[in-house]
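A short worksheet on the structure shown next.
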Amino acid sequence: MGSMRLHPFYSAAALLLAAAGAHGAGFGIIENSASGMGTAYASGGAAGEDASTVWFNPASMTLLKGQNVVGAINAIFPTADFSNNGSTFADGTALSGPDSSSNTPALIPTFYYSGQISEQLFAGISINAPFGLVTQYDDDWVGRYHAVESDLKTVNINPAVAYKIDDRLSIGAGVSLQLLDITLTSAVDFGALLGTPGSADGFAKLTGDNYNDLAFGWNVGMLYNVDEHTRIALAYRSAIDQHVEGDADFRVPAAAAPIVSTGAFTDTTLSADVTLPASASLSLFHSFGVLDLMADVTWTQWSTFEELRIKYDNPAQPDSVTTEDYQDQWRVAVGERIHISEKLVLRTGIAYDQKAVKNRYRRTPRIPDNDRFWLSVGAGYAISSMLSIDAAYSHLFVATTKIENTFESGLPELNHTLKGTYSSSVDILSAQLSMKF
């Protein structure tokens with residue numbers, strides 16, 4: 001009966017490596033400013049338009065005079081409609097349950113500050129959410145054994161400094177404190193263990209955080225002014241090792257009492273170690289006067305996810321181990337900024353955002369990962385010399401997504417397969433208030 005105990009935790013904890021945010025590869029979040037979103041984040045770390053550059057490239061703070069503050073709110077509206085196409089219980093019979101959709105919106109606030117200390121020295125801080133997702137399916141849907149609720153939140157606090165070496169070259173660096181909180185739920189098929197799949201569902205809820213073992217990382221950046229119209233920026237952000245501790249709670253049907261008597265499926269504490277990926281970006285900016293063109297290429301090292309291991313404090317439950325199959329991911333964006341007047345600027349941008357998961361066999365319903373194409377528009381208006389507002393809208397076209405995911409439980413009765421197709425898209429609205437003084 002030992003391997004039987006792996007199933008509920010595999011299905012719940014798989015989010016940490018297998019989930020894919022519909023708005024960014026893996027469960028990454030790029031929505032960090034309205035000014036950046038208007039160009040599909042092609043502005044990257046080279047534009048240095050406002051204090052949000054503290055996050056994208058700290059070296060670009062040297063483009064900002066005086067004190068600068070930015071506050072933004074980003075509203076994400078994902079849609080993921082699943083259509084079943086041959087899902088099966090482990091014994092090959094049709095997996096019961098209706099189709100379902102995950103359409104849960106999310107709000108992401110961000111804050112940035114950049115201050116000039118001297119002609120050459122600058123300092124700032126960014127507070128944002130670089131990773132996260134929220135999905136919610138019906139409790140009885142066909143994929144309930146894979147996922148019901150997924151709620152992952154991070155907060156990244158990133159102080160940074162920049163130094164202007166000369167009129168051409170600036171460098172910057174920062175450190176990050178990253179908080180993580182997660183809630184995951186899924187159904188447990190006790191009926192399969194009793195010989196009648198789908199006849200006696202239970203429920204597993206996993207909650208965890210890193211508050212007892214805070215995670216730290218670092219980032220560096222460089223800005224080079226080719227001439228007064230052209231800039232090149234490089235930025236690198238380190239991987240961050242997360243140690244999560246939490247609790248598991250089970251709802252067990254009466255029919256499963258003989259299974260519980262073995263010590264399985266009792267409430268317990270647990271822990272997991274997860275590394276969030278490193279990333280690097282190259283950004284270009286050129287001004288033609290009333291028209292600015294920009295481009296950005298960003299690489300994210302998702303391939304570092306090779307194994308997920310969950311450790312349980314209940315001695316009756318051995319570690320759960322699963323192998324992942326992710327790939328390094330690329331994002332390419334181009335955009336423009338048009339200065340209509342001294343007060344009004346318009347922005348547009350497009351981007352291609354590559355998936356992190358390689359194929360449908362590794363894809364999970366926490367959020368189905370696939371290639372995305374961004375189309376973005378935005379505008380900024382200077383209310384006064386001190387105060388400006390920005391707004392942006394992006395629509396993400398997500399490729400039709402196939403899934404054929406089978407549990408890797410050591411007990412054959414639990415190796416159910418979710419097979420079907422997702423139709424997905426994402427709409428994002430962003431608003432921003434900026435101050436200079």
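The values are calculated or read from the model by the stated rules, or taken from the named source; none is laboratory data. Everything numeric in this text was worked out from a predicted model, so none of it was measured. All Cβ positions, even for glycine, are placed from backbone atoms using ideal geometry, and neighbour counts span all protein chains on display. Areas reflect the complete protein model, heavy atoms only, side chains present, ligands, DNA and RNA absent. Shrake-Rupley method; radii C 1.70, N 1.55, O 1.52, S 1.80 Å.
Evaluation of Leu121 against the conditions (1) surrounded by fewer than 16 Cβ atoms within 10 Å (Cβ to Cβ); (2) at pLDDT below 95 shows that the sole unmet condition is (2). Residues that are touching a helix residue (DSSP H, G or I) at 6+ places or on another chain (Cβ under 8 Å) and modelled with pLDDT of 50 or more were ranked within segment 1-32; the one that is nearest to Asn128 (Cα to Cα) is Asn32.
Go through segment 106-130 and give me each residue that's of a type in the set (Gly, Ala, Ser), assigned to a loop (DSSP other than H, G, I, E, B) and under 27 Å from Ile30 (Cβ atoms). Matches in segment 106-130: Ala129 only. Only a single item in (1) part of a strand (DSSP E or B); (2) modelled with pLDDT of 95 or more is not met by Val426, and it is number (2).
Set side by side, the residues Arg168, Arg144 differ, and just one is charged (D, E, K, R) and open to solvent by less than 30 Å² (accessible area, probe 1.4 Å), which is Arg144.
Have a look at Val260, Val274 and point out the one that is among the hydrophobic types (A, V, I, L, M, F, W, C) and within 17 Å of Gly132 (Cα to Cα). Going through Val260, Val274 in turn, just one is among the hydrophobic types (A, V, I, L, M, F, W, C) and within 17 Å of Gly132 (Cα to Cα): Val274. Of note, Ser320 does not satisfy the criterion of being out of contact with any Asp or Glu (no Cβ under 6 Å at 6 or more places or on another chain) and modelled with pLDDT of 90 or more.
Looking at Ala204, Ala233, Ala248, which is the one that is more than 21 Å from Phe131 (Cβ to Cβ), open to solvent by less than 40 Å² (accessible area, probe 1.4 Å), in contact with a Ser or Thr (Cβ under 8 Å, 6 or more places away or on another chain) and modelled with pLDDT of 95 or more? Step by step, each of Ala204, Ala233, Ala248 is checked, and only Ala233 is more than 21 Å from Phe131 (Cβ to Cβ), open to solvent by less than 40 Å² (accessible area, probe 1.4 Å), in contact with a Ser or Thr (Cβ under 8 Å, 6 or more places away or on another chain) and modelled with pLDDT of 95 or more. Of all residues assigned to segment 146-155, none qualifies as being over 26 Å from the mean Cα position of the chain (by Cα) and not β-branched (Val, Ile, Thr).
Would you mind stating whether Gly263 is open to solvent by less than 50 Å² (accessible area, probe 1.4 Å), part of a strand (DSSP E or B) and either closer than 20 Å to Leu179 by Cα or of a type in the set (Gly, Ala, Ser) (or both)? Walk me through it before giving the result.
Working: open to solvent by less than 50 Å² (accessible area, probe 1.4 Å): yes; part of a strand (DSSP E or B): no; either closer than 20 Å to Leu179 by Cα or of a type in the set (Gly, Ala, Ser) (or both): yes.
For Gly263, the condition - open to solvent by less than 50 Å² (accessible area, probe 1.4 Å), part of a strand (DSSP E or B) and either closer than 20 Å to Leu179 by Cα or of a type in the set (Gly, Ala, Ser) (or both) - is not met.
Once segment 376-396 is narrowed to residues that are touching a helix residue (DSSP H, G or I) at 6+ places or on another chain (Cβ under 8 Å) and small (Gly, Ala, Ser), the residue that is farthest from Arg347 (Cα to Cα) is Ser394. Within segment 62-100, the set of residues being assigned to a strand (DSSP E or B), over 27 Å from Ile29 (Cα atoms) and in contact with an Asp or Glu (Cβ under 6 Å, 6 or more places away or on another chain) comprises Asn84 only. For the subset of segment 393-403 comprising residues that are in a strand (DSSP E or B) and open to solvent by 10 Å² or more (accessible area, probe 1.4 Å), which member is farthest from Asp371 (Cα to Cα)? Checked segment 393-403; the qualifying residue farthest from Asp371 (Cα to Cα) is Tyr393. For segment 404-437, the set of residues classified as open to solvent by 40 Å² or more (accessible area, probe 1.4 Å), over 22 Å from His146 (Cα atoms) and touching an Asp or Glu at 6+ places or on another chain (Cβ under 9 Å) consists of Ala431, Leu433, Lys436, listed by residue number. If only residues of segment 98-115 that are open to solvent by less than 40 Å² (accessible area, probe 1.4 Å) and either aromatic (Phe, Trp, Tyr) or at pLDDT 95 or above (or both) are counted, the one that is nearest to the chain's Cα centre (by Cα) is Thr110.
Of all residues in segment 339-348, none satisfies being among the hydroxyl-bearing types (Ser, Thr, Tyr) and open to solvent by less than 40 Å² (accessible area, probe 1.4 Å).
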